[in-house]
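Only the coordinates and a few stated rules stand behind these numbers; no lab work does. Source: prediction; values computed, not measured. All Cβ positions, even for glycine, are placed from backbone atoms using ideal geometry, and neighbour counts span all protein chains on display.
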Amino acid sequence: MRPLEAKRIVVLAPNWLGDAVMALPAMASVCRTVSRSHVSVAARQSVSGLFELVHGFTDIVCLEGTWLRDAQLLKAGAYDVALLFPNSFRSALIARWAGIGECWGYCGDGRSLLLSTAVERPSALLHQSDYYRHLIQALAFSAETTHPCVDIPVRFIKPVYDQLQEHGYDGVSPLIVLAPGAAYGTARQWEPANVARLIKKLINNQDAVCVLVGAFNDRVTGTAVLRALEQELVTGSHVINLIGVTTVPELATLLALSNAYIGNDSGASHLAAAVGTPVVTVFGPTNEHASAPMTGKKSGRVEVIAHQVWCRPCMLRECPIDHSCMTGVTPDSVYAATLRVMALKDRSRNTIT
């Protein structure tokens with residue numbers, strides 16, 4: 001079966017927010033190629049909110065995380081094609097358990113026999129977004145979209161802005177969002193003490209309001225940042241802690257309202273770039289050539305800060321030595337990069353639909 005012959009397609013999204021954002025150009029091309037077909041996206045609950053902000057899908061299937069239940073959810077859709085963005089054996093097996101006859105994806109992880117069409121993985125190093133685009137090109141979809149793009153519906157703006165005002169935001173000071181955590185492991189995290197030094201400098205020199213964001217599991221890192229700050233900064237209105245309390249659409253809206261974003265190689269960094277917020281991302285053990293945030297918005301700009309040492313990129317979750325790739329990144333260098341990207345911010349260019 002070729003793409004245009006499919007009547008009902010389900011696209012299984014990547015399991016991590018950053019990967020899901022990097023897959024958006026490929027997904028947009030799929031929807032455009034088969035615009036007359038029913039196209040659903042199936043995603044984990046932690047990622048599914050992203051697709052509330054994306055055009056082209058007929059509906060969203062929220063996967064629950066158990067093999068049998070997820071297969072049942074897919075079976076209910078009566079799909080004739082499953083397009084698998086995850087490389088896992090699990091994703092192919094649940095598609096087969098769901099009775100989907102056509103399963104398309106990259107081969108590997110022992111799942112080739114489960115796929116009706118298995119695509120060889122590219123041998124060259126590609127940016128993750130191009131890796132997904134390579135897959136759909138091999139499956140005869142068009143692949144003209146090259147950058148992730150997320151638009152914020154108007155209905156999300158006021159609740160998020162009201163939340164900021166409840167925490168004392170005056171609506172005038174520069175708003176800077178920081179995500180100090182990283183789901184992949186502590187090796188990706190810039191030192192909380194350095195995050196605190198950067199926040200202090202942004203407040204003292206720019207009169208900024210700094211908003212901490214992240215997943216529920218990032219609360220420990222957020223607490224470490226707050227403990228490293230002077231008490232008067234924490235108790236005042238210049239630091240707002242929203243770690244663990246925002247949905248993906250709320251986070252995207254907050255990022256669209258902000259003047260700049262600062263974070264590690266994490267999902268929030270990719271989301272910030274996709275909504276057009278100027279981004280500063282600190283890279284340590286991971287390869288910025290494969291996973292740097294990409295922006296398709298005119299107001300967006302991405303600066304990558306990396307301290308080059310002999311062992312990077314190691315791709316490890318935990319550093320077995322001195323973590324020098326991250327400890328070598330100074331607050332002054334991140335501060336200077338933040339000023340550069342803030343100079344480009346034009347809120348009117350962010351797309352509000």
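Would you mind checking which residues have amide H under 5 Å from R44's amide H? H placed 1.01 Å from N; only 5 or more apart, or other chain.
L63
Excluding the sites themselves, what is the longest stretch of the chain that contains no trypsin sites (Lys or Arg not before Pro) in a DSSP loop with at most 15 other C-beta atoms within 10 Å?
Details: sites that count: K7, R36, K298, R317.
Value returned for the longest uninterrupted segment is 37-297.
Using just the C-alpha positions of the stretch 76-220 as equal point scatterers, what log10 of I(q)/I(0) does the Debye formula give at each q in 0.09, 0.18 1/Å?
Those come out to -0.53, -1.07, one per q.
So, with +1 on the Cβ of K and R and -1 on the Cβ of D and E, and no other charges, what is the size of the charge dipole of the chain about its Cα centre, to the nearest 20 debye?
Working: 30 positive and 29 negative charges, 122 e Å.
Dipole of the chain, to the nearest 20 debye: 580 debye.
Roughly how big is the stretch 1-87's charge dipole about its Cα centre, with Cβ charges of +1 (Lys, Arg) and -1 (Asp, Glu), in debye to the nearest 20? All intermediate terms of the calculation are to be shown ahead of the outcome.
Numbers: 8 positive and 7 negative charges, 50 e Å.
That gives a dipole near 240 debye.
Which stretch or stretches of the stretch 172-187 have amide N atoms under 14 Å from the point lying 7 Å from V245's Cα along the Cα→Cβ direction?
none
Compute a Gaussian network model of the chain, connecting alpha carbons closer than 10 Å, and tell me which residue from M22, M315, M294 fluctuates the most.
Maximum fluctuation in the GNM of the chain, among the listed residues, is at M315.
Rank T253, A138, F283 by how far each Cα sits towards the positive end of the charge dipole of the chain (+1 on Lys, Arg Cβ; -1 on Asp, Glu Cβ) and give me just the farthest.
Going by the Cα projections, it comes out as A138.
Test of understanding: in a Gaussian network model of the chain with alpha carbons linked when under 10 Å, which of V334, V245, V34 would top the mean-square fluctuation ranking?
Ranking V334, V245, V34 by mean-square fluctuation puts V245 first.
Do you know the Lys pair count in the chain for C-alpha distances under 25 Å, with sequence separation 8 or more or different chains? Can you show the working numbers first?
Working: K7/K75; K158/K297; K158/K298; K158/K345; K200/K345; K201/K345; K297/K345; K298/K345.
Value for the chain: 8.
Sorted by packing (mean other beta-carbon atoms within 10 Å per residue), highest first, where do 171-181, 120-130, 271-281 land?
271-281, 171-181, 120-130
Enumerate the residues in the stretch 225-246 having an amide nitrogen under 14 Å from the point lying 7 Å beyond the Cα of T186 toward its Cβ.
225
Which one of G101, G56, S29 is farthest out on the positive end of the charge dipole of the stretch 1-127, using unit charges on Cβ (Lys, Arg +1; Asp, Glu -1) and the Cα centre as origin?
G101
Calculate for the chain the 222 nm mean residue ellipticity that helices alone would give, adding -39,500 (n - 2.57) per DSSP H run of length 4 or more and normalising by residue count, nearest 500 deg cm²/dmol. Let's see the in-between values first.
Details: 15 runs with 127 residues, N = 353.
Rounded to the nearest 500, it is -10000 deg cm²/dmol.
So what does log10 I(q)/I(0) come out to for the chain at q = 0.09 Å⁻¹, using the Debye formula with one equal point on every Cα and no solvent?
-0.50
State the dimensionless ratio Rg/Rh of the stretch 39-160 (Rg: radius of gyration of Cα atoms; Rh: Kirkwood radius). Walk me through the numbers before you get to the answer.
Details: Rg = 15.6 Å, Rh = 15.8 Å.
That ratio is 0.99, to two decimals.
Counting other beta carbons within 10 Å of each residue's own, what order do Y261, Y184 fall into, fewest first? Walk me through the intermediate numbers first.
Details: Y261 30, Y184 19.
Fewest to most other Cβ atoms nearby, the residues stand as Y184, Y261.
Sum up the charges of everything whose Cβ sits under 12 Å from the Cβ of S266, counting Lys and Arg as +1 and Asp and Glu as -1, but leave S266 out.
Combined, the nearby Lys, Arg, Asp and Glu give -2.
Please state the shape class of the stretch 183-260: rounded when a/c is under 1.5, otherwise prolate if a/b exceeds b/c and oblate if not, all from the C-alpha gyration tensor.
Details: a/c = 1.68, a/b = 1.14, b/c = 1.47.
Because a/c hits 1.5 or more and a/b fails to exceed b/c, the stretch 183-260 counts as oblate.
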